[in-house]
1. Quick check: net charge around Val255, other residues with Cβ under 11 Å of its Cβ, Lys/Arg +1 and Asp/Glu -1?
2. Output wanted: per-residue J couplings in Hz (rounded whole) for the stretch 391-399, from phi through Karplus 6.51 cos²θ - 1.76 cosθ + 1.60, θ = phi - 60°, x for Gly and Pro.
3. What are the ³J(HN,Hα) values, in whole Hz, obtained from phi via the Karplus relation 6.51 cos²θ - 1.76 cosθ + 1.60 with θ = phi - 60°, for each residue of the stretch 358-371 in sequence order, with x given for Gly and Pro?
4. Please tell me which of these pairs span more than 31 angstrom C-alpha to C-alpha: Lys463/Lys494; Lys454/Lys656; Lys114/Lys169; Lys384/Lys494; Lys128/Lys169?
5. Once amide H atoms are built 1.01 Å from N in the peptide plane, which residues 5 or more positions from Met558, or in another chain, come under 5 Å H to H?
6. Beyond 31 Å, what percent of the Cα pairs of the chain remain?
7. If a/c stays under 1.5 just call it rounded; otherwise compare a/b with b/c (prolate if a/b is bigger, oblate if not). Do that for the stretch 51-120, with a ≥ b ≥ c from the square roots of the Cα gyration tensor eigenvalues.
8. Count the DSSP beta bridges whose two residues both fall in the chain, then state the antiparallel fraction as a percent rounded to the nearest 5.
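A short reminder: the numbers here are calculations on the coordinates, not readings from a lab. The structure displayed is predicted, hence computed values, not measured ones. Here Cβ is always computed from backbone atoms with ideal geometry, including for glycine, and neighbour counts include all displayed protein chains.
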Amino acid sequence: MARSHRPIEPAAGDPVDALPGIGPARAADLAALGIANVGDFLHYFPADYLSPGRRIRVADAVAEEPAVFAGELVSIRLIRRGWGRSIVEGVLDDGTGRIRMSWFRAAYLAKSLKPGMKLVIKGKPTGKPLRMLHPAFETLVPEEGESDFERILPRYRSLGGLPQKTIRKAMAVALHAIPETEPLSDRIRNALDLPGRADAYHFVHRPESEDEIIRARRRFLFEELFRTQCRFAETHRARLASRSKKRVFEKTAVVEQLIASLPFTLTRDQAAVLEQIQKDLRSGCPMERLVLGDVGSGKTVVAAAAIAQVAEQGGQAALLVPTEILARQHARSLAELFAPLGLSVRLLVSDLPAPEKREALDGLADGSISIVVGTHALIQSAVKFDSLALCVIDEQHRFGVRQRAALTAKGKNAHFLLLSATPIPRTLALTLHGDLDLSVIRTMPPGRIPVATKHVAGEARKKAYHHMRDRLREGEQAFILFPLVEESEKADWKAAVEAEKKLAKTFLREFSLGLLHGRLSSREREETLRRFRAGELHALICTTVVEVGVDLPRATVMIIEDADRFGLSQLHQIRGRVGRSRLASYCYLSTHGSVGGTARERLGVLERENDGFAIAEADLAIRGPGDLLGLDQSGHGPLRLALQEFDPELVEWARKEAWESSQAPSDGGLPLRAG
Ligand code: ADP
Ligand code: MG
């Protein structure tokens with residue numbers, strides 16, 4: 001019957017194998033990637049576009065300027081270099097000139113690309129004569145018609161092994177299955193000039209102009225933010241509804257006593273945040289508060305006050321930190337702080353001697369230990385609490401949702417206090433953690449002198465080392481830090497070891513040096529830090545193990561080697577290891593060889609800027625939120641677009657719209673304020 005020849009138009013809810021070119025086996029692969037039905041598939045957006053608008057003639061190409069060319073492939077060959085290494089080299093001719101292209105480790109291209117094919121390529125030409133390394137490309141097959149040469153071509157990231165062309169064909173069919181629903185109100189769409197859902201899908205997958213792409217992405221970005229905020233509003237409301245007397249902790253004299261015992265007074269922001277926390281602890285609703293503050297803004301003491309308050313009233317408090325170094329440091333400083341209050345502190349890390357560990361586990365289970373500081377060891381299943389009432393997570397971005405959940409499961413609706421490590425703009429915090437209440441510590445403790453920061457290379461680098469030696473001679477301390485890069489971890493660890501050996505014999509031979517890197521046992525590392533803290537060691541040669549949290553106030557010089565290999569926020573974190581006292585401090589960003597444009601830009605930002613919030617904002621502009629926070633974008637399904645581009649204004653709108661439209665409780669309104 002003719003019927004059976006008619007293409008079947010799938011619906012959004014149909015499984016993906018309703019699309020042409022996708023069989024049941026592929027469908028299973030896609031389902032594993034979170035794409036189960038045609039609607040999900042529609043939401044698989046192009047990673048990139050090859051736009052004729054940016055297309056230029058090869059004759060007009062300029063080195064180092066990104067360009068799109070279209071032309072005929074005149075030759076293609078595979079060059080083998082042994083050890084599985086291969087280069088594919090091709091030449092493209094567009095009638096005005098020729099350009100060479102090379103792809104590494106892509107031997108399959110020599111088979112799939114044939115001379116005579118029409119290609120659109122995109123990349124940055126370099127050298128003389130011009131060539132392109134690893135250009136992105138699209139083949140234009142005759143049946144797609146010559147006119148397609150003029151179309152904007154979407155490029156999809158490979159999806160479960162599906163070739164571009166299959167994705168594109170399947171998408172053309174999927175575009176007939178756009179659901180009719182429109183989750184956004186007319187009012188908000190008009191206010192923000194957002195296209196309707198159906199239009200937006202066409203705009204992303206079959207754009208007629210660059211403007212359409214931009215408008216569609218903005219619409220989907222808003223929709224994503226809106227949905228996330230609706231979920232946040234929901235969780236928040238559920239939390240407010242779960243009041244319980246058991247969770248009430250009054251403000252007691254112990255807090256005043258603790259604050260009075262400090263050698264300083266709290267900054268205004270510290271005091272304000274502490275007050276917010278106390279309100280939470282009194283409310284009977286489980287606290288879920290995130291404290292954003294720059295490195296060195298004094299988050300620890302605020303958390304300490306909350307811990308003391310809860311512990312004194314019979315609740316158990318746990319402080320979870322990402323590294324053992326930090327756990328030991330916090331355990332020590334809390335113990336000192338709490339001793340006059342009659343509160344004791346336990347340490348729980350994985351390599352405690354067995355009897356000590358047993359004691360800690362027993363004490364937590366029977367309630368005789370009220371305060372514990374620990375690493376991941378704290379969230380192991382063997383750890384049971386009698387009445388866990390407060391969880392503090394330091395450097396919270398280092399922990400995943402799962403780890404937080406593991407800790408949550410150990411107490412009945414315990415209060416949660418999360419301390420950030422990266423000061424991020426409030427709107428970004430709302431995007432990621434909008435279900436939490438937010439506190440911001442903006443002011444730094446008084447008397448801090450900004451860390452003088454300088455990018456040094458060549459002669460200037462030598463001067464920096466001499467300056468460091470002068471400071472050491474004055475009795476101050478220094479760090480020399482080497483990057484750890486995953487692929488060559490070993491080599492970089494070696495760089496630190498070799499530098500230590502050499503410096504100990506030559507330039508710094510009058511001083512005692514310490515070596516700190518991830519390959520040492522935690523005992524060795526702890527001993528080195530102890531000696532550094534005690535002043536027995538003058539300089540620490542280290543890798544990024546000192547990045548987070550370590551507080552050593554006599555350290556005044558930080559030399560970061562190969563600083564161009566770090567991200568901006570990470571450099572700021574590292575720099576935060578110095579400048580923690582009233583002594584003038586210095587940070588030298590040392591580079592070797594030529595430094596790329598964006599790296600130079602990053603180092604420039606650090607030279608000018610000491611404020612972590614401002615730095616995060618610059619980082620956001622340079623790298624986008626996902627990279628800034630080190631978040632894997634594929635692992636954050638609901639925030640895919642929001643991690644690629646950041647639009648604070650849309651965040652504010654989405655939040656307002658979501659919290660208002662979902663009938664917040666009468667005491668609510670917009671419960672999340674930045675404090
Ligand atoms: P971070 O916010 O990075 O965790 P810390 O809590 O480690 O910072 O505090 C950094 C240093 O500042 C510590 O040595 C701490 O004792 C000190 N500090 C904290 N608050 C104040 C304050 N109000 N005045 C002076 N020094 C302070
Ligand atoms: Mg800290």
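1. Details: positive: Lys251; negative: Glu250, Glu256, Glu275, Glu312.
That sum, taken over residues with Cβ under 11 Å, equals -3.
2. Along the stretch 391-399, the couplings run 10, 10, 10, 8, 6, 4, 5, 7, 10 Hz.
3. 3, 4, 5, 4, 5, x, 6, 5, 8, x, 6, 9, 9, 10
4. Lys454/Lys656; Lys384/Lys494; Lys128/Lys169
5. Phe479, Tyr586, Cys587, Tyr588
6. Of all Cα-Cα distances in the chain, 63 percent exceed 31 Å.
7. Here the stretch 51-120 falls in the prolate category.
8. 40
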